[in-house]
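Below you'll find the structure, written out as structure tokens, and then a few comments.
The numbers here are math on the coordinates, done by the rules we state, and not lab data. These numbers come from a predicted model, not from an experiment. Neighbour counts are summed over all protein chains in view; Cβ atoms, including those assigned to glycine, are modelled from backbone coordinates with ideal geometry.
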Protein chains: 2
Amino acid sequence: METKQRGSAHEFPPEWKTGVYEAIFSRRDIRAQFQPDPIPADVLARILAAAHHAPSVGFMQPWDFILIRDSQVRARVKESFKRANEEAAEQFDESKRGTYRGFKLEGIMESALNLCVTCDRSRFGPVVIGRTSQPVMDLYSSVCAVQNLWLAARAEGVGVGWVSIISAADLKKILGLPPEVVPVAYLCLGYVTEFPPQPELETAGWLPRLQSAEVIHLDTWGAKLTPNGWAELESALVRVTEKS
Amino acid sequence: METKQRGSAHEFPPEWKTGVYEAIFSRRDIRAQFQPDPIPADVLARILAAAHHAPSVGFMQPWDFILIRDSQVRARVKESFKRANEEAAEQFDESKRGTYRGFKLEGIMESALNLCVTCDRSRFGPVVIGRTSQPVMDLYSSVCAVQNLWLAARAEGVGVGWVSIISAADLKKILGLPPEVVPVAYLCLGYVTEFPPQPELETAGWLPRLQSAEVIHLDTWGAKLTPNGWAELESALVRVTEKS
């Protein structure tokens with residue numbers, strides 16, 4: 001492991017760091033690019049282990065992973081998506097509704113595997129370290145598992161799409177979840193023809209990428225970096241963003 | 001980039017993959033191991049860019065990042081933690097309360113930097129793609145940003161601790177957040193003496209690591225892998241878990 005004048009003995013060597021940043025910057029939400037090839041058991045096991053090693057509040061590990069191969073189960077999920085998507089379309093102004101309907105927003109039937117990440121809100125009892133002030137923390141732990149899974153999948157060349165246009169009540173029923181278990185993420189996984197260079201909604205001009213400096217504040221809300229003595233960080237952000 | 005018989009042209013080369021999995025498996029929640037050295041601007045900029053490139057529902061990018069250097073702001077946050085922690089201790093059975101009070105659960109004052117990740121629930125207006133059925137999706141996007149930040153920090157040799165024993169209302173007041181912006185994660189960042197080999201609550205015997213097979217189901221809740229024709233995946237999970 002390399003050592004640097006500034007930095008830390010725990011810093012990763014350059015190739016490892018490149019891998020971490022490549023996974024982060026080239027990860028995409030995949031909907032239209034799925035290929036049918038199955039994901040080998042070894043690859044899937046590594047991706048699931050990555051998810052299971054997410055941080056969790058009080059080491060609660062509130063997640064479960066339901067792997068959905070069965071096309072009949074998927075067909076029911078797809079029906080639920082269609083209903084939710086039609087309700088969603090109605091919420092957009094007429095001027096945007098046509099564009100919305102033109103987006104492909106899920107790959108439920110054509111991806112190699114569907115996977116639902118859940119949160120068991122009762123795991124290890126009612127009092128969990130770190131969940132006393134903010135009960136929502138268990139849900140957030142399950143989301144951390146999703147993001148680990150997403151990045152590990154990217155490293156394996158496997159695409160992931162998160163289907164959020166769906167009713168949680170429908171999912172609970174279709175997957176037979178117990179009352180204390182809630183669905184957090186319904187994911188589609190599979191090999192892909194490509195990882196698009198940008199998020200599709202950015203490419204389509206639906207919304208712009210925010211500049212880093214717009215979303216960074218110093219000490220309290222609204223105080224920006226440069227006038228408050230941290231111009232060096234602002235310059236560094238511009239350099240990093242230009243590269244990525 | 002290597003190609004494999006099974007797999008994908010988009011799979012990372014071995015060293016990059018190692019980096020991704022090392023970040024995931026050696027990431028820790030840091031509370032007691034902080035060193036005072038400042039984080040250089042370039043390193044911090046890369047970590048923040050990683051967070052800003054998280055997935056977000058409808059490309060909403062609902063996050064903001066408040067960097068807290070000021071020790072007076074931190075002292076107020078620490079006071080809020082102390083109150084919440086005392087309330088938390090009372091919730092544990094007497095038999096566990098002493099152990100709970102013995103855990104160090106934050107590094108607010110001694111870490112190089114504090115950082116609050118928020119969620120602006122009104123960003124880009126009331127109707128956002130993918131947030132129509134599940135309004136909580138914007139909060140989940142901010143959590144994805146936290147997990148990207150955590151893994152990028154690990155690659156840089158920077159430790160992160162998530163302080164969840166704190167009142168969200170106090171944080172809103174101390175940091176001056178507008179009504180539509182909620183705090184999602186209050187983090188401590190800094191170089192560390194070590195990344196402990198295991199989560200501290202696992203080492204302390206507070207809770208056990210769950211076996212992967214315990215949290216994986218096939219097609220619907222409760223259906224396990226081996227009796228349902230996917231013994232190959234179960235074996236692969238055992239192999240992966242033994243290594244990590």
| Projected label distance in nm at B:GLN35 and A:GLN72, using a 7 Å step from Cα toward the beta-carbon | 6.0 nm
| query | With chain A treated as a Gaussian network of Cα nodes joined by springs under 10 Å, which of A:ASP70, A:ASP219, A:ASP93 yields the largest mean-square fluctuation? | reply | A:ASP219
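Evaluate the relative contact order of chain B (contact order divided by residue number), counting alpha-carbon pairs under 8 angstrom at least 6 apart; express in whole percent. All intermediate terms of the calculation are to be shown ahead of the outcome.
On the way: 344 pairs, mean separation 68.4, N = 244.
Relative contact order of chain B: 28 percent.
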| task | Apply the Karplus parameterisation 6.51 cos²θ - 1.76 cosθ + 1.60, with θ equal to phi minus 60°, to every residue of the range A:167-173 and state each ³J(HN,Hα) to the nearest whole Hz, in sequence, with x for glycine and proline. | result | 8, 4, 5, 4, 4, 4, 6
| message | At 7 Å along Cα-to-Cβ for each site, give me the label-to-label distance between B:VAL136 and A:PHE25 in nm. | response | 3.4 nm
| field | Difference of contour (0.36 nm per residue) and Cα-Cα distance, B:GLU202 to B:GLU214 | value | 2.6 nm
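Based on the Cα atoms of chain B, what semi-axes does the equivalent ellipsoid have, where each is the square root of 5 times one gyration tensor eigenvalue, given in whole Å with the largest first?
Working: eigenvalues 203, 122, 94 Å².
Semi-axes, largest first: 32, 25, 22 Å.
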| said: Within a 10 angstrom radius of the beta carbon, how do B:ILE47, B:ILE68 rank from fewest other beta carbons to most? | reply: B:ILE68, B:ILE47
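Could you tell me which of rounded, prolate or oblate describes the range A:162-206, using a ≥ b ≥ c as the square roots of the eigenvalues of the alpha-carbon gyration tensor, with rounded for a/c under 1.5 and, failing that, prolate when a/b is larger than b/c and oblate otherwise? Kindly include the intermediate steps, with their values, before the conclusion.
Numbers: a/c = 4.07, a/b = 2.25, b/c = 1.81.
Prolate is the answer for the range A:162-206, as a/c is 1.5 or above and a/b outweighs b/c.
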| note | For B:GLY157, the residues 5 or more places away or on another chain with a placed amide H closer than 5 Å to its own amide H are A:PHE12
| said: Only counting other Cβ atoms within 10 Å, I'd like B:THR203, B:THR118, A:THR193 sorted with the fewest neighbours first. | reply: B:THR203, A:THR193, B:THR118
| Summing -39500 (n - 2.57) over the DSSP H runs of n ≥ 4 in the protein assembly as shown and dividing by its residue number, what mean residue ellipticity at 222 nm do you reach, to the nearest 500 deg cm²/dmol? | -13000 deg cm²/dmol
| query | Which ³J(HN,Hα) values in Hz, rounded to whole numbers, follow from the phi angles of the range A:217-224 under the Karplus curve 6.51 cos²θ - 1.76 cosθ + 1.60, where θ = phi - 60° and Gly and Pro get x? | reply | 10, 10, 6, 9, 4, x, 8, 8
| query | Considering amide H positions built from the backbone, and no H for Pro or chain starts, which residues 5 or more places from A:ARG28, or on another chain, come under 5 Å of its amide H? | reply | A:VAL160
| Semi-axis lengths, Å, the protein assembly as shown, gyration tensor of Cα atoms, sqrt of 5 times eigenvalues | 32, 26, 24
| query | Angle, helix B:14-26 long axis vs. longest principal axis of chain B, Cα atoms, 0 to 90°, nearest 10? | reply | 50 degrees
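Quick one: longest stretch of chain B between exposed loop trypsin sites (Lys or Arg not before Pro), exposed meaning at most 12 other C-beta atoms within 10 Å and loop per DSSP? Each step should come with its number before you reach the end.
Details: sites that count: B:LYS4, B:ARG6, B:LYS104.
Result for the longest clean stretch: B:105-244.
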| query | How many nanometers, to one decimal and shortest first, lie between the label point of A:GLU87 and those of its other copies, if labels sit 7 Å from Cα toward Cβ? | reply | 3.3
| note | With the label set 7 Å along Cα→Cβ, B:ALA223 is separated from its counterparts in the other copies, in nm and shortest first, by 5.6
| Part-to-part distance (alpha-carbon centres) for the range A:57-107 and the range B:170-244, which is given in Å | 24 Å
| field | For the range B:183-196, Karplus couplings with θ = phi - 60° (6.51, -1.76, 1.60), whole Hz, Gly/Pro x | value | x, 9, 9, 9, 10, 10, 10, x, 5, 9, 5, 7, 9, x
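Over the range B:75-202, what number does the Rg to Rh ratio reach, with both radii from the alpha-carbon atoms and Rh per Kirkwood? All intermediate terms of the calculation are to be shown ahead of the outcome.
Numbers: Rg = 16.7 Å, Rh = 16.6 Å.
Reported Rg/Rh, Kirkwood definition of Rh: 1.01.
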| request: Along Cα→Cβ, 7 Å out, is where each label goes; now give me the distance between the ones at A:VAL127 and B:GLU90 in nm to one decimal. | output: 1.2 nm
| task | Quick one: which residues, 5+ away or cross-chain, put their amide H under 5 Å from the amide H of A:ALA204? H built at 1.01 Å from N. | result | none
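Sort B:SER122, B:SER26 so that the residue with the fewest other Cβ atoms within 10 Å of its own Cβ comes first and the one with the most comes last.
Numbers: B:SER122 13, B:SER26 16.
Lowest count first: B:SER122, B:SER26.
With the cut-off at 19 Å, tell me which of the pairs A:LYS82/A:LYS104; A:LYS82/A:LYS172; B:LYS104/B:LYS172; B:LYS82/B:LYS104 have Cα atoms farther apart than that.
B:LYS104/B:LYS172
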| Cleavage-rule hits (GluC sites (Glu not before Pro)) in the range B:1-95: DSSP loop, at most 15 neighbouring Cβ within 10 angstrom | B:GLU2
| As computed over the range B:82-140, the Cα convex hull volume per residue (Å³) | 152 Å³
| Helix B:137-156 sits at what angle to the longest principal axis of chain B, using alpha carbons and giving 0 to 90 degrees rounded to 10? | 80 degrees
